[in-house]
Amino acid sequence: DTESGLLLKRDYKLETPEGVLSFETFYDDYRDVDGVKLPYTLRRVGPDNVLILKFTEIKQNVELDDAKFAKPPAP
């Protein structure tokens, strides 16, 4: 955005075994999180689908318990 300087769209390509795929990601609903503007809505448009991510809360530098990353027990 020329007025705010915030990223509104990103185009990128991804190499896959089937060939190169083009994607667009749109960033929207920026909100202040600890003094940093972050998008609360991301919309990724691919060749055969659209993925929309909507966040209700974003926290930065939150301590995480290492147990959350432990390998689950075998069935």
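The values are calculated or read from the model by the stated rules, or taken from the named source; none is laboratory data. None of these values were measured; they are calculated from a predicted model. Every residue, glycine among them, receives a Cβ derived from its backbone with ideal geometry; neighbour counts consider all protein chains shown. Areas reflect the complete protein model, heavy atoms only, side chains present, ligands, DNA and RNA absent. Shrake-Rupley method; radii C 1.70, N 1.55, O 1.52, S 1.80 Å.
Given the structure, is LYS59 touching a Leu at 6+ places or on another chain (Cβ under 7 Å) and among the charged types (D, E, K, R)? Quick ask: steps written out before the conclusion?
Numbers: touching a Leu at 6+ places or on another chain (Cβ under 7 Å): no; among the charged types (D, E, K, R): yes.
No; evaluated as a whole, the condition is false for this residue.
Specify the residue that is most open to solvent (accessible area, probe 1.4 Å); the eligible residues are those in the stretch 54-65 that are over 22 Å from GLY5 (Cβ atoms) and among the hydrophobic types (A, V, I, L, M, F, W, C).
Per the criteria, the residue is LEU64.
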**Item:** Selected residue (criterion: modelled with the lowest pLDDT) from residues of the stretch 6-43 that are open to solvent by 60 Å² or more (accessible area, probe 1.4 Å) and out of contact with any strand residue (DSSP E or B) (no Cβ under 9 Å at 6 or more places or on another chain)
**Value:** GLU18
**Request:** Residues being in contact (Cβ under 8 Å) with a residue 24 or more places away in the chain, of a type in the set (A, V, I, L, M, F, W, C) and part of a strand (DSSP E or B): count how many of those fall in the stretch 24-59.
**Result:** 2
